Structures are given as structure tokens and as C-alpha cells.
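Worksheet: the structure to be examined is printed underneath.
The values are calculated or read from the model by the stated rules, or taken from the named source; none is laboratory data. These numbers were taken from a predicted model, which means no experiment stands behind them. Here the Cβ positions follow ideal geometry from the backbone for every residue, glycine too, while neighbour counts run over all protein chains shown. Remember, those area values only see protein heavy atoms, side chains included, never the ligands or the DNA or RNA. Shrake-Rupley method; radii C 1.70, N 1.55, O 1.52, S 1.80 Å.
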Amino acid sequence: MKILVTGAAGFIGSHYVRTMLDGGYPGYEDAEVTVLDKLTYAGNLNNLPIGHPRLTFVEGDILDAALLADHLPGHEAIVHFAAESHVDRSLPGAAEFVRTNVLGTQSLLDAALRSDVQTFVHVSTDEVYGSIEEGAWTEDWPLQPNSPYAAAKAGSDLIARAYARTHGLDVRITRCSNNYGTHQHPEKLIPLFVTNLLSGKPVPLYGDGRNVREWLHVDDHCRAIQLVLTGGRPGEIYNVGGGTELTNRVVTERLLELCDADWSMVRHVEDRKGHDLRYALDDTKIRTELGYEPRWTFETGIRDVVAWYRDNPVWWKPLVTA
Ligand code: NAD
């Protein structure tokens, strides 16, 4: 069994690959993994067990058709994480998001069609649905993305769906809520706040902090992706929720406590343009069809994550700008 994983020098993909190589996914203990990653600012080779006998690392762009034609043959599945992933960067720089997330996904789908790849798991996000005041999104909810990041991810979902319908490619799409975990770049909310507080620096809270996100431990997310790869149905979309809805204010409060700090360390900054108020997923489908259930509570997970950043400044200090 050979699997090609894109974007796995980043946060979530690297967790997936480390877990697979550690034998964490039943039936895949002997799987050979090829990671294809462009190593943008978000890609970090320290996230991967380079030198592992079942890991091959290829540095390259998912838009490079010749590179894909060279490397895809022989792989049974693609798990596609590669993307520009930070909403804030997409506001002034949407072009790179459209390039990588939309055109890059289309390039990879094309290459998959021309190879013997059997299954293509496309990793997407709840942000494609927009913002919801009450209730929760099911998979058939209309796509109403608000940021250029979310719009580019929605575009990638649609092109992936089109390849399934038009060409009969076995594409499965996952849409998950906000992930947290170790090895996440310190530009994202939780690691930004933790690394700032551990460095004695203040943290920037957007607006009044009432935006609600549903937090999902990266390990639960990756297990869900593996369930979709092994048991999901071709052409289907699966929401993956974490079940813990929290305002950014409550998350901030918890991080302050865990880092022995108080509200004097919080700076209220002007809200993000078009900031979605609330995300909430209905993930009944993956729970009933594939037996998915999150294993991590936010309380246990966040303690573990803060401890990891405390113990691993060597990992994050080079990534932090002054
Ligand atoms: P990340 O930014 O940490 O990692 C992205 C990786 O993709 C990096 O290693 C980068 O070098 C690589 N990459 C970027 N452009 C590339 C290109 N053109 N060719 C090859 N590689 C390229 O992202 P993440 O947080 O690990 O997210 C992974 C996936 O999960 C993304 O598709 C993202 O949209 C999705 N997602 C993330 C979250 C979250 O909370 N982080 C939530 C929902 C969905």
C-alpha cells in the first residue's frame, strides 16, 4: 500500500503522516508514504520523521504537472492537505490562495485521473459554508464562503466534486472545524497566544472576542480522514466536528490560565474584515456511517498542547517574528 500525502510538512498533514508511520491506523502499519510539499513558509521538515524507512519526501508544487506525472504512479490513494491556510493572509493576498487551493487541486485531480490512483481524499473546511447564527450545517448546506481563503477552498471542493461526477474519479471530501494541536504554526490563534504568553508578550484579540468556533483536536481530525479513506463512499462529503463550541474570549481565558497570565496581557485589536461570527457543524453522517467520535476533550487537549509548546521552544522560536 502506497499513499501520497500533499502538504504534510504542515500542521495537520504531518500529524496524519507521523501517526500512520507510527502504526496508528489499523491495516496501514506497513503503508509506504510519499509526502509532496512545496515547503512554503508553513511547511517545516522538522514536522516529519525524515529518514524513516517508509517515508519518501518530495519537495515540489502540486501545480507542477510533470512532477506529478513522475511521482503519482504506484500510489493507491492521495490524501490532499496542501493549501494556503491562513485567513488573515488571504485578505491582502488572495491570488496565492486561488492559485494553490483551486488550480493546485485541479492539477492534482488531473494527475490522479491519468494515474492508477484509486481514491482521492480532499481535505476541506467548515469555512466553505460561511457563518451560521443558530443550528449547524449539514453536508448539503449551500456554500457561502466569506473570506478569500474560504472561497478558494469552496472552489477546490466544487472542482473535486466535478471530477467525481464527470470522470467518475473516487473523490471523498472532508469538511472539518478549527483544529488545534502540536506543531501548528504560531500565526494561528491558539499557538500565537500560547507562544506570545510564554514569551511574556501580549496577545491580540479580534474585536470583542465573541466569535464562536468549534474546536477539534488534530488527532481526532486525522482519524476521521483515515475513516473516510478506508470506509467512506466515493463522491461523498463528510463533516467532521469537534463538538466543543467556544467563543474566542473563553479560549483566551483558558490559555491565560494555563500560561499563568491574566487579562492585562490581552490587547483588543480591530476586528478582522468580514470576520465570520459562528461556525457549527452537524457531523451526524460520519458518526453514523463510519463510527467517528472525537476522543479528545478540549480541556485535556489544550493542556497537552500548551505543555508541548512550553517544552518545545526550539521548534517554534525560529518561526516567530520579533
Ligand atoms: P498548513 O498551512 O499548516 O500546511 C499547509 C502545507 O501545504 C504546508 O506544508 C505548505 O508547504 C504546503 N503547500 C502549500 N502550497 C503548496 C503547493 N502549491 N504545493 C505543495 N505543497 C504546498 O495547513 P494545515 O493547517 O495543516 O491545513 C491542512 C489542510 O486542512 C488545508 O487544506 C486546510 O484548508 C485544511 N483545514 C485546516 C484547518 C485548521 O484548523 N488548520 C481547519 C479546516 C481545514
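So, L198, is that one more than 15 Å from the ligand (Cβ to nearest atom) and more than 22 Å from R89 (Cα to Cα) or not? Working first, answer last.
Details: more than 15 Å from the ligand (Cβ to nearest atom): yes; more than 22 Å from R89 (Cα to Cα): yes.
In short, yes.
Residues that are at pLDDT 95 or above, closer than 19 Å to T174 by Cβ and not hydrophobic (A, V, I, L, M, F, W, C): does region 54-63 have at least one?
No.
All but one of (1) without any contact (Cβ under 8 Å) to a residue 60 or more places away in the chain; (2) open to solvent by 30 Å² or more (accessible area, probe 1.4 Å) hold for L48, so report the exception by its number.
Here L48 clears every test but (2).
Could you list, in sequence order, the residues of region 48-89 that are acidic (D, E), in contact with a strand residue (DSSP E or B) (Cβ under 8 Å, 6 or more places away or on another chain) and closer than 27 Å to K188 by Cβ?
Answer for region 48-89, where residues must be acidic (D, E), in contact with a strand residue (DSSP E or B) (Cβ under 8 Å, 6 or more places away or on another chain) and closer than 27 Å to K188 by Cβ: just E59.
Looking at region 228-319, what strands (runs of 3 or more DSSP E) fall wholly within it and have at least 1 residues that are charged (D, E, K, R)?
Result: 244-247, 266-269.
What about R175, is it in contact with a Leu (Cβ under 9 Å, 6 or more places away or on another chain) and within 12 Å of the ligand (Cβ to nearest atom)?
Considered against the rule, which asks whether it is in contact with a Leu (Cβ under 9 Å, 6 or more places away or on another chain) and within 12 Å of the ligand (Cβ to nearest atom), R175 comes out as yes.
When you check P92 against the structure, is it open to solvent by 30 Å² or more (accessible area, probe 1.4 Å), in contact with a strand residue (DSSP E or B) (Cβ under 9 Å, 6 or more places away or on another chain) and either outside any strand (DSSP E or B) or within 13 Å of the ligand (Cβ to nearest atom) (or both), yes or no?
Values: open to solvent by 30 Å² or more (accessible area, probe 1.4 Å): yes; in contact with a strand residue (DSSP E or B) (Cβ under 9 Å, 6 or more places away or on another chain): no; either outside any strand (DSSP E or B) or within 13 Å of the ligand (Cβ to nearest atom) (or both): yes.
No; evaluated as a whole, the condition is false for this residue.
In region 21-45, what residues are open to solvent by 40 Å² or more (accessible area, probe 1.4 Å), part of a loop (DSSP other than H, G, I, E, B) and closer than 20 Å to L68 by Cβ?
If the condition is that a residue be open to solvent by 40 Å² or more (accessible area, probe 1.4 Å), part of a loop (DSSP other than H, G, I, E, B) and closer than 20 Å to L68 by Cβ, then K38, L39, T40 are the ones that fit.
Within region 290-299, which residues are more than 13 Å from H221 (Cα to Cα) and either of a type in the set (D, E) or open to solvent by 80 Å² or more (accessible area, probe 1.4 Å) (or both)?
E299, the sole residue that qualifies.
Identify, please: which residue in region 230-247 is in contact with a Phe, Trp or Tyr (Cβ under 9 Å, 6 or more places away or on another chain) and buried (at least 20 other Cβ atoms within 10 Å of the Cβ) and is, among those, farthest from V117 (Cα to Cα)?
Restricting to residues being in contact with a Phe, Trp or Tyr (Cβ under 9 Å, 6 or more places away or on another chain) and buried (at least 20 other Cβ atoms within 10 Å of the Cβ), the top hit is T244.
Any idea how many residues of region 72-89 are crowded, with 16+ Cβ neighbours inside 10 Å and either within 12 Å of the ligand (Cβ to nearest atom) or under 19 Å from the mean Cα position of the chain (by Cα) (or both)?
So the first thing to find is which residues in region 72-89 are crowded, with 16+ Cβ neighbours inside 10 Å, and the list is 72, 75, 77-87, 89.
This time we only want the ones that are either within 12 Å of the ligand (Cβ to nearest atom) or under 19 Å from the mean Cα position of the chain (by Cα) (or both), so: 77-87, 89.
Looking only at that region, the number is 12.
Test V240 against the criterion of being aliphatic (A, V, I, L, M) and touching a Ser or Thr at 6+ places or on another chain (Cβ under 6 Å), and give yes or no.
It is true that V240 is aliphatic (A, V, I, L, M) and touching a Ser or Thr at 6+ places or on another chain (Cβ under 6 Å).
So, in region 250-277, exactly how many residues are among the charged types (D, E, K, R) and surrounded by 15 or more Cβ atoms within 10 Å (Cβ to Cβ)?
Residues in region 250-277 being among the charged types (D, E, K, R) and surrounded by 15 or more Cβ atoms within 10 Å (Cβ to Cβ): 3 in total.
Could you give me the residue pairs with C-beta distances under 6 Å whose first residue belongs to region 85-101 and is under 12 Å from A152 (Cα atoms), whose second residue is part of a helix (DSSP H, G or I) and away from the ligand (no atom under 12 Å from the Cβ) wherever it lies, and which are 6+ apart or on separate chains?
From region 85-101, the pairs are S90/P148; A94/P148; F97/P148.
Looking only at region 120-140, decide whether some residue is among the acidic types (D, E) and in contact with an Asp or Glu (Cβ under 6 Å, 6 or more places away or on another chain).
There is no residue in region 120-140 that is among the acidic types (D, E) and in contact with an Asp or Glu (Cβ under 6 Å, 6 or more places away or on another chain).
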